[in-house]
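**Student:** One structure is given below, represented as structure tokens, and several questions about it will come after.
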Amino acid sequence: MVGFILPTTFCIDLFISLFQVYLSNLKTSIMASLSKGVKAPEFRGLNQKGEEISLSGFKGKKLILYFYPKDNTPGCTAESCNLNDNYQMWLAKGYEVVGISPDSIASHKKFADKFQFGFNLIADTNTEILQAYGVWGEKSMYGKKYMGVLRTTFVINEDGIIEDIFDKVDTKNHTDQIIKTLDIK
């Protein structure tokens, strides 16, 4: 009996293609389940000071939870600085602000110190929180596809329920974008 053997590279390429389809479908199902009115996934992570921060630690407070790709890059710096420039206003309106990216604690410390951020930046180097929120996904640049952070902001109420999701973030005017959309006075 003569058997048919597939070339090894073909098998590997087939596996990679199928796995990418699986990840894409997984991301779609996670994002579909995270919508306005649903409970936000619990998270735990370390901030720029090495302190543990969790969603449950904000119970009774409103939270602006923003996910961004990388410390000290133009868009991420603009977004973070815009939220920080308005941080006292957010606090006065009963909101706390937390940023999450896959950068290290050391990177977050340098970033927070450089721009004197008043809020926490969580290091999610293993992308566990990013994946739980459906913001770790396929991106492309110059025709090359790669996995990365899909810039997104979740506004979470005092009971841990998602009030709104921003997936088209205006980095330079993010505070105004949130205020206008939620009609915050």
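**Student:** In what sequence, highest mean first, do 175-183, 129-137 appear when ranked by Cβ atoms within 10 angstrom?
**Tutor:** Per-residue Cβ counts within 10 Å, averaged per peptide and sorted highest first, yield 129-137, 175-183.
**Student:** What translational diffusion coefficient, to the nearest whole µm²/s, does segment 8-182 have by Stokes-Einstein, given a Kirkwood radius computed over alpha-carbon pairs, a temperature of 20 °C and 1.002 mPa s viscosity?
**Tutor:** In µm²/s, the coefficient rounds to 127.
**Student:** Given H placed 1.01 Å from N in the peptide plane, which residues other than close sequence neighbours of F43 have an amide H under 5 Å from its amide H?
**Tutor:** Hits under the 5 Å cutoff: L55, S56.
**Student:** Another question, if that's okay. For N84, what charge total do you get from the other residues with a beta carbon under 14 Å from its beta carbon, if Lys and Arg give +1 and Asp and Glu give -1?
**Tutor:** Taking every other residue near N84 into account, the sum is -3.
**Student:** If you take every DSSP beta bridge fully contained in segment 55-163, what fraction is antiparallel? Give it as a percent rounded to 5. Can you show the working numbers first?
**Tutor:** Details: 12 of 22 bridges.
Roughly 55 percent of the beta bridges in segment 55-163 run antiparallel, per DSSP.
Rule-based calculations on the coordinates, nothing more; no lab input. Computed from a predicted model, the values in this text were never measured in an experiment. Neighbour counts are summed over all protein chains in view; Cβ atoms, including those assigned to glycine, are modelled from backbone coordinates with ideal geometry.
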